[in-house]
Each structure stands twice: as C-alpha cells, then as structure tokens.
Amino acid sequence: MAATGDLDELVDTVRYPLADREGRGAAVARARADLADGGCTVLRGFIRPELIETLRAQGAALAPHAHYEVEQVNAYNIPLHTDLPPDHPGRIVLERGNAFVARDRIPGDALIHRLYTDERFQRFVADCFGLAELHEFADPLAGLCLNVVAPGMSHPWHFDTNEFTVSMLTQPAESGGVFEYCPNIRSPEAENLDDVRSVLTGSGARHVRRLELRPGDLQLFQGRFSLHRVSPVSGAAQRHSAIFAYTDRPGVIGTVERTRQLFGRVLPDHLAARARLVRGDQLLD
Ligand SMILES: O=C(O)CCC(=O)C(=O)O
Ligand SMILES: [Fe+2]
C-alpha cells in the first residue's frame, strides 16, 4: 500500500487540493454533479504536469506486453449465438481489436500502479461515485490494466458489466482513438433498443458525445447505462489508457473463460475461485 504523502507527489494539488477539506469537497461535488447529469466526469490535468511524459513513457514501455487477440463481440458482451429477435442490436457483430497489459506486468512503482493502490485516491474516487466502500478488484490480472489500441484497431461500442469505471489516458493516438459515449442511452428499466441500434449502424449521431481526453486527465464513468467506444485509431501512435478496476465489495475475481479471452492465460487464483463456486462454500480444501 502506498504511504501517505505519496499522493501529493502524483496529483496536481494546485488544481485538486485533496488534503484540504474544502478543496476536496468542491472537487467531489463537481464530479457528483457531472455523474448525475450524464454518467461521466473528467478531472482535467489530475496528474502533475511534470509527470505527464513519465506517465506516457511508462505506458509505452509496458505496451509490448499486451495480449493481442482480435475478438468478435457484440455491444452487450453476451455470446454471439444468444437467441435474439432478428432486429436486436445484440446481433450486430463488432471487432474488438484492443489489447490489455495485465496487472502482474505493471511494476509496483509505475505511476498508474501507485495511484491505483493509494488509499486516499481510492477514498476520493468512492466519494465521487457516492460509494460507501471501494475495493481493488481482487483479480490479479484485471485489477489494473493498460488498454492498448493500435493503429487500425478500435475498442468498439459496448456497455460495461461493472457500474463504474476509472481510467486515465497515458498516450493519445495521432488521430482517431476518441472516447465517444451515449449518456444513459439505456436505464435499469429500459434497453431502448432502437436508439442503441441507431448508434451501432451509424445513424445515431445525436446520441453521441465525444471527449477530448489528454494524458493525465482522470475519467470517472458509469458505463453500464452509457454505450461507449474508442473510435478507430489512425496515424503512427498507439492509444494507451490505464483502467483502474475497483468493486464495491471485496474478493471479486474474473471467470476463467473471460480471463483467458482477455489475457491469454489464467492464474491459480482464477482456478481456485472457480473451484469455490462449484463447491458452493468458502471452506479451505
Ligand atoms: O480505454 C478506454 O478509454 C475505454 C476502456 C473501456 O471502455 C473499457 O475498458 O471498458
Ligand atoms: Fe467500457
């Protein structure tokens, strides 16, 4: 766990005076208002300006460790053979071309790792989302990832399974690679399939907002109700973003199948979690 005081070395405390009650309160209030409005908030220049190049360079050094496996998916991340009505947007097949660097490849002293594990940062994120508890995703691979989108690839339209996402661009694409989202295009009560279909087929521009993210901006996002994507990357540079995965209860870990798909491997923790699930108890072997 990062020592207290550490956070001040990483965060631009002139813009985000997190140690000061009033300054912190104002930042939390702004984030909450944005999230209530459209499920998204961007804390511009969260990382100290003098660290932005280090942030980029550390990500670029990690990127070759990404697991590349182009996958056919749909926006709902449900199996492609799911029985759906003929015009259901879940029948539209998309190509997921982004690749992830897993947590166990990211050194503990990397800026994104120090931020992810910092207790004061976690408490701040929890307060912005209005969560009583926030825990690191117990998954040894998916807890912290670098999302790599190479030229010619995209991270296509999808809804997240998790209710909240924390991310940070570390290296922008030369062109393209824009984060686009449709605020609350669905709700717990309504899928709004017509609107979702219009976005997937390219006629739903009126639903789409585009975010001009810069390296070091902190993004808090509620992706379960807002369809979103990273548009196709072009030019010479890869687009890199750190994904800080947290859960609102402890001990959550990804399934063996999904882990293999995302990272090309599983660890003993994933197999142990599956065994516990099959047995239906938490007792030691
Ligand atoms: O890399 C990004 O900016 C978006 C990532 C995303 O949508 C996801 O990992 O679910
Ligand atoms: Fe997402």
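Some notes on this structure:
- When the Gaussian network model of the chain links Cα atoms closer than 10 Å, the mean-square fluctuations of LEU144, LEU200, LEU227 top out at LEU200.
- Neighbour-count ranking [beta-carbon atoms within 10 angstrom, fewest first] of TYR116, TYR246: TYR246, TYR116
- Counting charges near PHE263 (Lys, Arg +1; Asp, Glu -1) among other residues having Cβ under 11 Å from its Cβ returns a value of +2.
- In whole angstrom, the range 49-197 maps to an equivalent ellipsoid with semi-axes of 29, 21, 15, each derived as √(5λ) from the alpha carbon gyration tensor and ordered largest first.
- Between the range 63-92 and the range 220-252, the Cα center-to-center distance that results, in Å: 16 Å
- A crude spin-label estimate for the pair ARG265 and ARG249, with each label 7 Å from Cα along the Cβ direction, gives 3.1 nm.
- Within a Gaussian network of the chain (alpha carbon springs, distance under 10 Å), most fluctuating of THR247, THR170, THR82: THR82
- Surrounding net charge for HIS228, when Lys and Arg each add one and Asp and Glu each subtract one, Cβ distance under 10 Å: 0
- Span per principal axis, largest first, for the Cα atoms of the range 38-88 (Å): 53, 34, 12
- Close amide H pairs (under 5 Å, H built 1.01 Å from N) link GLY176 with SER234, residues at least 5 positions away or on another chain.
- Counted by Cβ distance under 14 Å from ARG197, the other residues give a net charge of -1, where Lys and Arg count +1 and Asp and Glu count -1.
- Longest to shortest principal axis, alpha-carbon extents of the range 160-274, angstrom: 46, 41, 24
- Backbone HN-Hα couplings from phi across the range 24-39 [Karplus 6.51/-1.76/1.60, Hz, Gly and Pro as x]: 5, x, 5, 5, 5, 4, 4, 4, 4, 5, 4, 5, 5, 6, x, x
- Neighbour counts of other Cβ atoms within 10 Å put HIS240, HIS155, HIS88, HIS81 in the fewest-to-most order HIS81, HIS88, HIS155, HIS240.
- Rh (Kirkwood; distinct C-alpha pairs) - the chain, Å: 19.8 Å
- Among ILE92, ILE112, the order by Cβ neighbours within 10 angstrom, fewest to most, reads ILE92, ILE112.
- Taking each residue as 0.36 nm, the span from SER175 to ALA237 lengthens on full extension beyond its C-alpha to C-alpha distance by 21.5 nm.
We did not get these values from a lab; they are worked out from the coordinates using the rules stated. What you see is a predicted model; the values in this text were computed from it and never measured. Every residue, glycine as well, gets a Cβ built from its backbone with ideal geometry; the counts of neighbours run over all protein chains shown.
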